[in-house]
Amino acid sequence: MPGANRRDMEEKQLLNHTADKEQRPLPGRRNHAENVSPSEKKLQEAICVLLVELCERFTFFGIVCNMILFCTVKLGYRNYQAAIVNMCFVGTSMLTPVLVGWLAECLVGRIKLVCICMFLHFLGTALLPVVAFPFEDIYIDRRHILHTLTKREQKIVFYFALLTASLGIGGIRAIVCPLSAYNLEDCGPKELLSFFNWFYWLINLNSAVVFVSISYIQQSVARNLGFLIPFVSVLMAMITIHMVRGEMIYKPKTDSSLLTTFGVIASALKTCCVRYRYFSGGMTNWMDHAKENYGGQYSETQVESTKSLARLFPLFAFQILYRACIMQIPSGYYLQTMNSNLHFSGFVLPVAAMNVISIVPLLILVPILECINSYLFSSKNAGHSPTIYIVVGQLSAALSVMVAGFSEIHRKHFPQVEQTLSEEVLLVSSMPCFHLAPQYILLGVAEALVTPSCSLLSFWLVPERIRGISMHFLTLFNGAGCFMGAFFVQTAHAGTQGNWFPHLLHEGKLERFFFFLALLMMVNALGFWTIAHRYNDLNQEHTKEFGGCLPEEKLLKHGKAVKHYGGVLERSPILSPMEKT
């Protein structure tokens, strides 16, 4: 009995010590936290995180919604060049949270890094008006211009502004708005899918407002004033972060990292190559070579966690081509809309406002999907997997690109008319832009089905301790899809001498590019369908399979002491559907 009591006492001391270590606030937080009740603190934090998230997305949408129009009209870029710039910016903004998360974890303090990233975000959004502002319209008198910027200088400032803004976006998404702030540790598959559905619903509602308002300001009312809106929005985000910075920035869990995951894979490959003859017959998985008892450098917990993550790599890989297809919204679809008749009842619609059509399906489908999921995740169907949503969504994306090809053929049958965009007169097809609505709707349906489902599988089908890493890998593959889309555009233009992605659409064959992409997307959807059965079982205790191997993890899980794990790693920086525009 004395030994049992002593053992209980030691466990309690370890639990208290570990919980205190994980929940210890960062400097400058203690005095304020003592004056706020836990419930008020939790509510305050949730509200502020959501406000910062919306402000950051607002600035992002404001930058990208009319970037192609700005690059072609203001900077004199060709269509394919403008599309590549837009897709590369989106892809970079998806990858920077992973980079910043690693820096915060390994090299730089979190508070210091937040300040640096906020400054970079502020600098980037402040420099964009420098490029967009009409210096040639400001005169001291009729003979002297107050300021001038050459095209080369404008492009240098423009690229520097985009780079600094994307780095700032990475810091905000990775540190200030971690997924752990939404307290998803104890959620089941049904609750997680509901969360991701409504999370993307709210983000897309915000993007719809941006596309209608900012795009109109940038294009029609005061095209050079439009880039000031992201500047004002980031000021709101900075004020929000300053007011509650002590309540939002938590020290993350550090026992798992991207470096550990890559290290396990590298160690397994190295040992497998060197000692293949000795271990090949006695192991069920090649990653076992990284375990300490097989001559590796990593514990069994780390290796088993990495093995569970590796099961998701095929899922991630099939998202690359899908994301390249979705990137047609800010490239091929945007150019089609820009070269169509935007007049509606005497009013010129903003080009980016057509993206709202692709948002509407998501806003409508989410409540319907909630009802369907309530039935599918009932007690008799608790193991339902949303892989069918991903298959249907990818087929919808393939159909959308195919419809875009036929729409392009249809568009060129209409006579050309003059249309003024951003004070520039362009020759466009007289076909009403609403004829392009079906392709936008189909891509909106695809995103409503695919994005929340992939987020659920990436989050649920791995142990709790590496969920943030899993979400980062999904983000990496999505970012690769953005760059893959840019690669397709560059290759199509160079390989066909501009015929498949022309500068003047009526003189080229853009529809062939769409048909080629639709074929690839159809193969991609069928390929994923063949492996979808691997992710059908949601009843497995993935979160408990390896998570209890460490004594401290067992105590923490038993005591439910830590509520803010993984402030850097447990982040879902996956872009919402309209964040590609």
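Structure above, values below:
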read-out	value
Peptides 469-482, 306-319, 327-340 ordered by average Cβ neighbours within 10 Å, highest first	327-340, 469-482, 306-319
Relative packing of 64-74, 494-504, 187-197, which averages over residues the other C-beta atoms within 10 Å, highest first	64-74, 187-197, 494-504
Segment VAL523-GLN490, length gained on full extension (0.36 nm per residue, minus Cα span)	9.7 nm
Violating pairs (Cα-Cα greater than 31 angstrom) within the set LYS190/LYS291; LYS155/LYS509; LYS190/LYS270; LYS74/LYS412	LYS190/LYS291; LYS190/LYS270
Centre separation in Å (Cα based) which lies between segment 49-79 and segment 487-527	24 Å
Heavy-atom accessible surface of segment 380-443: percent carbon and sulfur, 1.4 Å	68 percent
Gained length - LEU75 relative to PHE347, 0.36 nm times residue gap less alpha-carbon distance	95.3 nm
Alpha-carbon centroids, segment 335-356 and segment 105-125: separation in whole Å	38 Å
Segment SER213-ILE364, length gained on full extension (0.36 nm per residue, minus Cα span)	52.3 nm
In nm, spacing of pseudo-spin labels at CYS106 and PHE313 (7 Å Cα→C-beta vector)	1.9 nm
Accessible surface of segment 286-373 [probe 1.4 Å, protein heavy atoms]: carbon and sulfur percent	63 percent
Residue-wise HN-Hα coupling along segment 71-84, computed from phi with Karplus coefficients 6.51, -1.76, 1.60 (Hz; x: Gly, Pro)	5, 6, 7, 8, 9, x, 6, 6, 4, 5, 5, 5, 5, 5
Relative contact order of segment 296-435, defined on C-alpha pairs under 8 angstrom at six or more residues apart (%)	30 percent
Computed FRET value (nearest 0.05) for LEU426 with LYS270, which takes r as the C-beta separation and R₀ as 41 Å	0.10
For segment 431-473, accessible area per residue (1.4 Å probe, heavy atoms of protein chains only), Å²	15 Å²
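The values are calculated or read from the model by the stated rules, or taken from the named source; none is laboratory data. Remember, it's a predicted structure, so these values are computed and weren't measured experimentally. We place every Cβ from the backbone using ideal geometry, glycine too, and count neighbours over all the protein chains shown. All accessible areas refer to the heavy atoms of the entire protein, side chains included, with ligands and DNA or RNA removed. Shrake-Rupley method; radii C 1.70, N 1.55, O 1.52, S 1.80 Å.
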